[in-house]
Every structure is written in structure tokens, then in C-alpha cells.
Amino acid sequence: MISEIIQELDHIKANFETDSKGVDNDKDLENLRIKYMGRKGSVTDAFKYMGKLPNEQKPILGQKLNVLKTEIQDRLACIKQELEGQTRQKINIDVTLPGQFFFLGKIHPIMQILDEIKAFFMGLGFTVELGQEAENDFYNFEALNIPPDHPSRDMQDTFYLPNDLLLRTHTSPVQIRTMEKQQPPIRMLAPGRCFRKDTPDATHSPMFHQVEGLVVDRNTSFAELKGILLAFSRKIFGPETKIRFRPSFFPFTEPSAEVDIWWEDEKQGRGKWLEILGCGMVDPAVFEAVNYDPEVYSGYAFGMGIERIAMLKYKISDIRTFYNNDIRFLNQF
Amino acid sequence: MSGLDLTDEQINEKLTMLGLEVEEIIPTVPDLTGVVIGKVLHIEKVADSDHLICCQVDLGSEQVQIICGAPNVAAGQKVPVATVGTILPGGFKIGKAKLRGIESKGMICSEKELNISTAADGIMVLPESAETGRPFHDLLNTPDSIFDVFITPNRPDCLGAVGIARELCISENIFFKTPLAEIPAGVQATEMPLAIEIENTKACPRYSGIVIRDVTIGPSPQWLADRLENLGLRSISNIVDITNFVMLESGQPIHAFDYDKITGGKIIVRNARADEKFITLDDQERKLIEDDLLICDAERAVAIAGIMGGLDSEVTRQTKNILLEVAYFNPATIRSTSSRLDLSTDASKRFERGVDPNNTAKVSRRAIELILQLAGGQINSPFIDVYPEPIQAVTIKLRNTQIQRIIGKQIDLQQSQQFLELLECQVSRDGENLIVKPPTFRPDLVREIDLIEEIARLYGYNAIDDKLENTINVLDRRNSYADFIDQIKKILNSLGVSEAITVSMAAPKQCHPFLESASVSAPIINPLSEETAVLRPTIASTLLSSIAYNLNRKNSDVRLFEIGSTFRQSEKYIDEKVCIGGLLTGSVQPKSWLNQSPDPLSIFSIKGLLQQLLGELQISGLKYSADSPAYYAYGVTVKHKKETVGHFGLLASKILQVFDISAEVFAFELDLKYLFSLFNRKKIFTEISKFPAIDRDIALLVDTKVTAGEILTTIKNSAGKLLKNVLLFDVYSGDKIDHNKKSLAYSLIFQSPVRTLEESEVSQAMEKILSILQKRFGAQLRD
């Protein structure tokens, strides 16, 4: 008896599979539901067999019936969902129409590079110090060991202002001012605008941005300067970056170095060394100008042009592009 | 180079890593690809030409016919032939040609055409041994290369080839030696007198001179002329060329006078007299001051010391006898005169950086050797050398501990000593210290730190191990002003305004219209051009150029801000103020299919932008008044208490015309430091009420002269604590109401943080508000 009933249940299930194929609208779905699950539907109908079985067989059939009921309910729900999905798609919208445009403000690419630089050094405990652009001779030259008749002034062509002022040629005056205010340890960054009397062309601008760093403490050394700048270069230019330190001269540091980065030109498949920053150990004469004892403290300083790094990273060939502020340019960064 | 065998690339690498940056390597021999050695087999005069010759030339692989115009061509010669397709130096491309109807395939070249010398008299004839068909450049010696080296100002010793050679030797651990020039001894007749007197031995510590008689002035030999030309100097005559050549070799400038123009056979080194005038050999009259140093004869000045000789005493074709000057001048003296006269020469550049005071004799011998070789003559005076107080090498104590401390690497003291000895320092040990006497050709080595740098340099910067252990050190300092600026930038970005950067200098015509008076404009004393002659008084005075740039390129919605300094000249100072300025043009929203005619920006767009910005910064207590500087067509001043924080408005058309802008441009500018003083960075959460809010709308009719601000204040003050928010949602004046009235519609929101409000208490509050508004402004409810 029970095996016949179970056969009957399989039969109901097979019929349902056949009937459910091709259901493509709500009305057919409702008819399908009524045919199987309605008050007189075949599943509901099958429950009547329960009364005709001996008690010990009832649980077996009960379980089979429940499985069938759940399966059919799930299928119906599934079909219902599919039909709803189809209905939503039938609403007639052209999804290729452009979406609403919102004005989005951008940070200038020079400042984006500066932000990356700041993030690296601030993570090492550097503070950011800002200064003034109209400076005097003492802070821009003299305190930096550049006396009036020193030939290194040849390297800097300065804009002069009335009242014995000048436009700072580097952000180093900020370091002097900070050292005057504060005792070591010092770990600072000085970003900002600088001015040199260069006629504008693709690689020169009378105004540009620099960021300089200064560390003064009891035990800083050239080896540490090297370590920090290698880590920095890899942060900015990628973990495989190769750099080299090359002896150079700055009045305010000794030993002084220039740092080159190995730059591969993807198009030409060739590499070359490109200068990206200058650095060195703070010259004792600078410490004397701010009343630090060079026998107690040593320090290192470094400086770089932000435009140059932005031009390298973003492959910008003309520095003047930065200052036109074409929104089609700004929007690319 | 003897003792060293390095390729160009190795030299480049070594010099660069020594701190002598090679900027360019220029081959002295041009690219002569395509020029081959040919043998002239047969020549024949071209009929109806007086000079053209038809040559049959064997090029090894083929035989060609070439028409040649040089008179010296002859059968049997080996000659350089530029074959068809060759591009000669100077860009001339050899093609097939027909001359007088005769075909010519190639060109027999002169030295000048090959750019290997200036000799142009006929074709170049090669030695018999030259192998026919081989490339011509096989014949040339390994060609020299010119190294263009950037010498930092601390290294005057490298302003001569000898100094560079010395550095290369040092890098290879070789002690450097220069040969002492041979000069014949004993020709020291004294029939031509020479006396030297130095009045100012501080400015001129040493002056050496010698007379050479009966020299033959003439052109230099080719090798000398070529060398000078390779180094960028023009060949003038043998004597002048020798003085230049010796300077380029040794770094020590020397000068040759025409001895017969030196009155009294006497040289006096003295300071100029006030207002003394002197004509230099470039035929310019120079006005001198008392600090300038002159070389004089018994009667008058003959040179500005160390900078330039005079027109009267220079060596000419007629010169027979010369006086050779080799001196040491104080660098500061030369520098100050050179920069004051704006006269920089090869000599002054070297003297002002510091030449070796103890090398004049050696350099003199070298110059004399070359003069006797190339111009003949005889030494005709003793070598007179006035050097009253010889300049001694300094003595420096170098502590081993300092080397380690500064470099951060333990370098063996023995090795440090070797490095310094290679540099020609005299070094002795004193326990853990070195006592060092640097050579006088290294005026940059005077302090302990200078020696430490040399040791690091020779050890190799890249051989010093990188260290990072000491670098992380968080200090309890923070610059909240820098953070504040970053925050402002983020807020403006989110409001759709992009950051711009402009050059903070502009033309006076772009800046003066922003000022009450041109006298407060901050000028640059030495501007690059009129276009950048003053510092900007407002951000707009430079940022407008970017607006114009965009508008000219059909970018019509432009919203830019810039943070930077603005400048004004006051009586005794330049007032530098950091501002944030913004310029906006275009519409509120971009034009699109969703909104074909978006509203144009208005002054309330700018006010809203600023209110959002200031709200985010939690800056309150600002007042807006309807006055503004004259460069706005109309605008608003933002004040805090009595102080002006900034202003905003529509820029006046007279300003926009300066920048050729026809669109409307709105501007704002705020004093950043002042804003920072108002900035509240504390953030404390206010509990959001769980109870429902009740809102009531009212429309009020008031006289047009009543302001929205007055009404708002009154509503807020009379509503009691339950009023949470007031929103003005409509402003109307027009036909539907009395012409001197306006309608203002508000939505008032009431809410309690602790309970649900009763309708009746809200109604009571509304009645109270209305009655006060009625009393104070005669406000009526509009139906």
C-alpha cells in the first residue's frame, strides 16, 4: 500500500515539473499553484492517504509528503521571483543615457605629491612647518652659511623686494626659524613655494614648490640619512626603486650629496640616473647661527622640488602645465 | 692619460661619483659614417671649365667618377671620399649630381668639410699607407672626447684639467704627479728692467712676473687652436692662446702684457682711486671705486686685477716683448669688483673661487716653456716674485670619533689617513686623532667637517651602510594650522571646487585694479619681465588668468580655489597675508539632458558655499554686510566682531576686461590665519532626539525693507527652546502682493529631546512668534 502511495507522490512531482515549464506570467503561475497546492490541489489531496495507513507507517509517509510540499512551494516561490525580475526589466529605460554629473573638486597634482611625501615623513614623527615667502637675507642666505660674497650665490638667482626683503629661494629659512624657536630634537618638513629668477620654459618656472626636511638630534648620521631617503624613494616610486648618492656641494650641509633615482624609460627600454633631491649633514656653521652646539647635536637635511617629482611620476613634460589649472588637467588626478 | 686607462664611460662614472658631475660628453670628431678611403686613379680636366676636374676613384668595392674642384687633386693620391647618401657634418647630404653634363657620384672632401680642422685649402690628402675602401674614421687616432663637467663652487682646484686628472688618479688610488716644465736656464740678461710693487698685499698677496723678448706673434699651431676651440675659446694668437691654454690646464689665470706699453718697466698693484676710469680690452669704459684693485705701470692702470686687461697694453700683432703676469688675488676682492661691474671672465671666475697661491712658479714655467717653443724669444728678466707673507696650509685636528659620529660608519683610521694623503694632505697621527695640513690648492678644506666629507667621498657614499634604527621618533608636536589647511581643501573639494596653483607674480595692470592705490602694490626690484613685475595683492589677481585660460578653451563651468600668500607694500614693510581665494563661473549644475538650462551661479551660491565651509569648520559668529571693495560689482564683507575676515561677490567688469573675460565670475577671499583663530577643532556629539518633530509653515507679508536676517533672529529669540530649526523656503515680491511688500515663507520645526510635544504647545509658540513679528515688523500672515 505505502509503496503505491509513494509512487503516486513521485508521479505528482513529475507532473509538476512538466506543468511548471513554460509558466511565464502571474496568471499561469497562480493556476499552477491552485492545481497542486490549492484546497483541492493534488498535493493537498495526497495528505488524505495519511488516514488510510496503519499508525507505524504514518511517519514515513508524513515525511515524504512534507518533502514534496516544501519542494513545490520552493519551486513556486522561485518561479515567482523569476517572473518579477522579468517584469522589472520590461520597464522601458535606456541605460546608456548618461548619468547625472556632479561637480567634483580635485586637489592639485603638486599637492597630491606633497601629501604623499608628508604622509611618509609624518609617519616617522616629522611635523609640518610653514613659513613666509617674503624673507630677509639672514634667513635665506646668511644663517645658511651663505655669506654675501660667497660664490654659491651664483647658483641662486634671487628676486629682490623693497625693504631689504627677497622672495625665498628655498624653504630652508623655515628650518632656521624653527630651530630658533625650538630646542632639539627636531624632525620637521618645510613645504612651500620658492622663487628663482628663471625664465619660464618647459623645465623652469620662476615659482616652484619645494619640500625640505630637517632632523636634529644627538645621534643622527649620514648612514641614517641614507636609510631614510632610500625608504622614502621606495615609498614614492615603488619598492624596487634604486637610488645612488653622489657627492655634491651645498653651503648649509657637509658632507653633501645629490640623490639620483634609476629611471627606466618604458618606451625606449633604457634607463638612466635622474637627480631627484639634494641632502647632507647640517653644516656646523648653521648650528652656530641658531645657537645649537655642534659637538652635542648633529643633523641632516634634504630637499626636493615637488614639480620635478610630479613630472616624473605623472609623465608631464612641461612644468607650465601645472600653473594653467586647465580643469581637464586637474580632473586627471 | 698615462697611468690610467679608462673609457669615456668609466671616466663619466668616476667623475660623477667623485662629485664632479659630468653634464655631457661631446665627441670631438663628428660622425663620418659613409666617408671611405679612395684612391684617385686618373684625372682629366673637364672641358669648358677652368677648374673642374673629373676623377676616377677606386673605393675598393667599386670605381666611381667624381667631379672635383680642388686644384690639389692628383692621380695616385689617397683621399677621403663621401659616398652617395653620406650626411656630412653641417648636414650636407651627398647625392648623385651632374656637372656640365658629367655624372658625379660622391665628393672628395677637405678637412673643413669633414669638420676635423679649419684648414680649407684644397682636399685632404691621406698617407700612402691608407687602405683603399676602409672607413675614413679608421685613420683617425682614438678621438678625444670633451667632458662638460659641472664644478661646484667649493672646488676651484678642478677649474683646470690638472685638477680633474688629479681626482681621477685619487679615485684609482694613485698618487698624482705633474711634470715640471723644462725651461732653458741662464738667459737672464737684465737689459729690460722689471720692478714689481704691491701696495695692498691683503688684496694681492702674490704677484710674479717675467719678461720675454723678441717673441714672434703669429697664429697658433693647429693642435693648440683645436684644443682651445674644443673648449669653447677662439684662437687669437700664439701668445694669447698659450695664456688661455695654461689657464685651462692649471686653473691658474695668467695674463700677457705688451712689455713696451708698460711705462717704466714697472708694475704697481694698487687700489683704484675714487671715480677712476679704465678702458678694458673689450673697449668698455669702467667706472671704478676704491675697493677695486688695479695693475698699473709707472703712469697709469693697465688691468683690473684678476678680471680683465686694458685695451692699451694688450698683446697685438706688433708686440715684440711681453710681460707675463702670474698672480694670486684675494677671492673676495675679485668677486666684489666682478659682480659690481657685472664683468665675469674666465680669469675672475677662477680667482674669486680661490686659486693655489703657491703654484705661480710652476705655472709660469709651463707658460714660458710653451712660449719659447711656439713663439720663440728669450727670457729677459729675472723671475720676479713678490710674496711678502706666504700663505700657509691650515692645520686641522681630525677626531676619529667625529668621523664615526657624522658618517655613521666605523672607518679605519689608517684608511682615513690614506685618503687624506691621496688628497695631498700632510697627515700625522696623534693617538686617535689625525693632524692634517691640506694642500693650498684646496681652499675648501679648513675645518674638521671638511675632512670628514672628503673621507666619506673617497670611501664612497654608496658604500656606507644604510641605517634605519634611529629614525622612528614620535615627538609631541603637531602643526594644527597645517592640518586646518588640509581640512579646508577637503571641504572645498567635496563642494565641487578644485585646487589651483598660480605663479604669485603678475603684471601691474592685473594687480593694481585690486588696490586702493598703486602705492601699496608690492614690486619686485629685479623682475623677469613686466608680466611678472609685482606680487599679487589678492588671489584673484593671478587666479583670474586660469579662469580666462579655461574659458578660452570652452571649459565653461570653472570652480577653482587657491591657498597662498598675498602681498601689500606698507611704508616700511611688505605685508604678507595668507589667504584662501576662490573663483567660480558658469552654472549651479552642469548642463545636461536632465537639466538643459541650469541656473547660473549667483552671489547666494558663493554665500552658501562659504556657509558650508565655515559650518564644517565650526566657525560661528560671522556677520555679512552689503559693502565690499571696489573691484566687486556687488559683494559682501564677512566680519567677525569688528574685524574683516574676507569678502565675496561678483567681480566688476573692469577687472574682468583686464583678463579678457566676458563671463560672470564670482570671487571670494578669506584671511586664512584669522579663520584659523576662529576654528574650533573640538567635536562633541549632540544627542539626536528620539521624539517626533512637529513642523509648521507660515508665510509672512512684510515691508520690502525688512531683512530676512532680522526676521530669523526674531523668530529664534521668541520661539523658546522647543524650536529646533527654521527654514526659509520662499521669497516673493510681485504682482500678487502690494508693491512695497514681500512675502517670506518659513518652515519651523519643533522638537523636544525628552518627550513627545503636544499640538497645543506648538500652537502657543507659533502665536507668540507671530505676535512679536507683528509688533516689531508689522508682519501679517499671508493666506
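General remarks:
- Apportionment of accessible area to carbon and sulfur, the protein assembly as shown, percent (1.4 Å): 50 percent
- Relative contact order for chain B: 7 percent, from Cα pairs under 8 Å spaced at least 6 residues apart, divided by residue count.
- Surface exposure of chain A, expressed per residue as accessible area with a 1.4 Å probe, stands at 48 Å².
- Full-stretch length increase - residue B:486, residue B:263 - with 0.36 nm per residue and alpha-carbon distance subtracted: 72.9 nm
- Selection from A:208, A:188, A:102 lying farthest towards where the dipole of chain A points positive, charges on Cβ: A:102
- From phi via Karplus (6.51, -1.76, 1.60), per-residue ³J(HN,Hα) for segment B:450-461 in Hz, x at Gly/Pro: 5, 6, 4, 4, 4, 5, 4, 5, 6, 5, x, 4
- Of the DSSP H helices in chain A, those whose Cα atoms cover at least 18 Å axially and whose Kyte score averages -1.0 or more: A:2-20, A:58-89, A:109-123, A:222-237
- One chain, two ends: residue A:314 and residue A:17. Fully extended at 0.36 nm per residue, the span grows by 100.8 nm beyond their Cα-Cα distance.
- Using a Förster distance of 30 Å, the FRET efficiency for residue B:115-residue A:274 (Cβ separation, nearest 0.05): 0.40
- Viscosity 1.567 mPa s, temperature 4 °C, Stokes-Einstein D of chain B from Kirkwood C-alpha radius, µm²/s: 36 µm²/s
- Euclidean distance of C-alpha centroids, segment B:340-419 and segment A:224-240, integer Å: 39 Å
- Centre separation in Å (Cα based) which lies between segment B:681-723 and segment B:558-588: 35 Å
- Taking the empirical scaling 2.2 N^0.38 Å for compact globular proteins as reference, segment A:2-90 has a Cα radius of gyration ratio of 1.23.
- Förster radius 30 Å - calculated FRET efficiency between residue B:553 and residue A:102 (Cβ-Cβ, nearest 0.05): 0.85
- Sparse-neighbour loop sites [trypsin sites (Lys or Arg not before Pro); segment B:534-638; at most 16 other C-beta within 10 Å; DSSP]: B:553, B:554, B:572, B:591
- Taken over the Cα atoms of chain A, the convex hull encloses 306 Å³ per residue.
- Shape of segment A:182-242 from the C-alpha gyration tensor: oblate (a/c of 1.5 or more and a/b not above b/c, with a ≥ b ≥ c the square roots of its eigenvalues).
- Per residue, chain B exposes an accessible area of 49 Å² to a 1.4 Å probe, with every protein chain left in place.
- Cα→Cβ-extended label distance, 7 Å offset, between residue A:50 and residue B:145, nm: 9.9 nm
- Local electrostatic count, residue A:10, Cβ distance below 13 Å [Lys/Arg +1, Asp/Glu -1]: -2
- Local electrostatic count, residue B:284, Cβ distance below 15 Å [Lys/Arg +1, Asp/Glu -1]: -4
- Dividing the mean sequence gap of close Cα pairs (under 8 Å, 6+ apart) by how many residues chain A holds gives a relative contact order of 15 percent.
- On association of chains A and B, roughly 7800 Å² of accessible area becomes buried (total for both chains; probe 1.4 Å).
- Cα centroid of segment B:90-116 to Cα centroid of segment B:258-291, whole Å: 53 Å
- Residue-wise HN-Hα coupling along segment B:370-375, computed from phi with Karplus coefficients 6.51, -1.76, 1.60 (Hz; x: Gly, Pro): 5, 5, 4, 5, 9, 10
- Distance between modelled label sites at residue A:40 and residue A:1, nm, 7 Å Cα→Cβ extension: 2.7 nm
- Lys, Arg +1 and Asp, Glu -1 on Cβ, resulting dipole of the protein assembly as shown about Cα centre, debye, nearest 20: 5040 debye
- For segment B:21-37, putting each phi into the Karplus relation 6.51 cos²θ - 1.76 cosθ + 1.60 with θ = phi - 60° gives couplings of 6, 7, 8, 7, 10, 10, x, 7, 10, x, 5, 10, 4, x, 8, 10, 7 Hz, in residue order, rounded to whole numbers and with x for Gly and Pro.
- Computed per residue of chain B from DSSP H runs no shorter than four, each worth -39500 (n - 2.57), the mean residue ellipticity at 222 nm is -7500 deg cm²/dmol.
- Of the residues B:205, B:246, B:236, the one whose Cα sits farthest toward the positive end of the charge dipole of segment B:171-254, with +1 on the Cβ of Lys and Arg and -1 on the Cβ of Asp and Glu, is B:205.
- Note on the protein assembly as shown: Kirkwood hydrodynamic radius from all Cα pairs is 38.1 Å, rounded to one decimal.
- Largest-first principal axis extents of the Cα set of segment B:703-783 (Å): 45, 22, 21
- The trypsin sites (Lys or Arg not before Pro) found in segment B:211-278 that occupy coil by DSSP, while having at most 14 further C-beta atoms within 10 Å, are B:234, B:273.
- Count Lys and Arg as plus one, Asp and Glu as minus one, and take only other residues whose Cβ is under 14 Å from that of residue B:466; the net charge is then +3.
- Placing a label point 7 Å from the Cα of residue B:577 along the Cα-to-Cβ direction, the residues of segment B:600-640 whose backbone N falls under 15 Å from that point are B:628-632, B:636-640.
- Rounded FRET efficiency, nearest 0.05, which uses the C-beta distance separating residue B:33 from residue B:61 and R0 of 22 Å: 0.90
- Sequence-separation-based contact order of segment B:146-276, relative, with Cα cut under 8 Å and 6+ spacing, percent: 34 percent
- Lys/Arg +1, Asp/Glu -1 at C-beta; the protein assembly as shown dipole; positive extreme among A:304, B:640, B:574: B:640
- Sites listed here are trypsin sites (Lys or Arg not before Pro) in segment A:195-284 whose DSSP assignment is loop and whose Cβ has at most 15 other Cβ atoms within 10 Å: A:218, A:242, A:267.
- This model, with +1 at the C-beta of Lys and Arg and -1 at the C-beta of Asp and Glu, gives segment A:226-333 a dipole about its Cα centre of some 680 debye.
- Two-decimal Rg to Rh for segment A:237-333 - Kirkwood Rh, Cα set: 1.11
The values are calculated or read from the model by the stated rules, or taken from the named source; none is laboratory data. Everything numeric here is computed off the predicted structure, so don't read it as measured data. Methodologically, a virtual Cβ is constructed for each residue, glycine included, from the backbone with ideal geometry; neighbour enumeration extends over all protein chains shown. For the accessible areas, the whole protein counts, side chains as well, though only heavy atoms, and no ligand, DNA or RNA atoms are used. Shrake-Rupley method; radii C 1.70, N 1.55, O 1.52, S 1.80 Å.
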